[in-house]
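For reference, the structure discussed in these notes is given below.
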Amino acid sequence: MADAPSNLTTAIYAKTAQGQQEIQSRSLGLTPLARRILVLVDGKRSGQDLSAFAPGGEISAQLTELLSRDCIEAVGVAQPAPSPAAAPAKPHAPEEIDLSGLPPAESRSAKELDMARNFMTNTVNNIFGHHNRISLLEAIHGCKSSSELRHVYVAWAQALETNATGKKRLPELREKLFAVL
């Protein structure tokens, strides 16, 4: 039986041989949610990452079940993510990150902030599919102000540039986003 890590959410999990076998055989009688979490365990996601797939973000019971049945094991500890405002920006062409034409961030309303967050989230989900680019989605949702969201804009634009459809649509999407960002 695997030892439970001291903090279930900061540990990074990988499937064990038993876990791989369970995906094929379904012989352990896991709950449907525990099985879904097992399928999502990839050796890169932490308990915190996996909590996005559990109702209310409550993942402890599923991780405990999977650990106790030796389906997963902790293989590392996630490093704390920088706050969206502190996320370092990668070098970009000036015309791609020039936000100087936007109204001051503090002039944007809470409704506009919600609209901008939702727009960025929807574009990521539509271009890459649901549950991809989780760290970007978490950074978007973690923003409490338009100013913070403007810092995440760079990562959003860079992510879209890595996809043929996203790259093609980026000018149009940027224009729409800037109406509320």
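The values are calculated or read from the model by the stated rules, or taken from the named source; none is laboratory data. Note that the coordinates shown come from a computational prediction; the quantities given were computed from them, not determined experimentally. Cβ sites come from the backbone with ideal geometry, for glycine too, and all protein chains shown count toward neighbours. Ligands, DNA and RNA are excluded from the accessible area calculation, which covers all protein heavy atoms including side chains. Shrake-Rupley method; radii C 1.70, N 1.55, O 1.52, S 1.80 Å.
Along the axis of the charge dipole computed for the chain (Cβ charges of +1 for Lys and Arg, -1 for Asp and Glu, origin at the Cα centre), the listed residues Leu33, Pro171, Val77 are led at the positive end by Pro171.
Protein-only accessible surface at a 1.4 angstrom probe places the residues Ser147, Ser135 in the order Ser135, Ser147, largest first. Only one item in (i) 17.2; (ii) 18.1; (iii) 16.7 matches Kirkwood radius over Cα pairs in Å derived from the coordinates shown, and that item is (ii).
Using θ = phi - 60° in the Karplus curve 6.51 cos²θ - 1.76 cosθ + 1.60, the 3J(HN,Hα) couplings for the range 25-37 round to 9, 6, 8, 8, x, 5, 5, x, 5, 5, 5, 4, 5 Hz; x is entered for Gly and Pro.
Round to the nearest 0.05 the FRET efficiency obtained for Ser68 and Asp98 when R0 = 35 Å and r is the Cβ-Cβ distance. Spell out each step's value before the answer.
On the way: r = 53 Å, r/R0 = 1.51.
So the FRET efficiency works out to roughly 0.10.
Taking amide H as placed 1.01 Å from N in the peptide plane, the amide H of Asp70 sits under 5 Å from that of Ala2, each at least 5 places away or on another chain.
Filter the cross-link list Lys44/Lys167; Lys111/Lys176; Lys111/Lys144 down to pairs whose alpha-carbon distance in this structure exceeds 20 Å. Let's see the in-between values first.
On the way: Lys44/Lys167 27 Å; Lys111/Lys176 15 Å; Lys111/Lys144 12 Å.
The answer is Lys44/Lys167.
With a Förster radius of 30 Å applied to the C-beta separation of Thr121 and Ser27, the computed FRET efficiency comes to 0.20. The stretch between Ala61 and Ser107, if pulled fully straight at 0.36 nm per residue, gains 12.2 nm over its current Cα-Cα span. Residues whose amide H lies under 5 Å from that of Val77, counting only those 5 or more places away or on a different chain, are Ile12; hydrogens are built 1.01 Å from N in the peptide plane.
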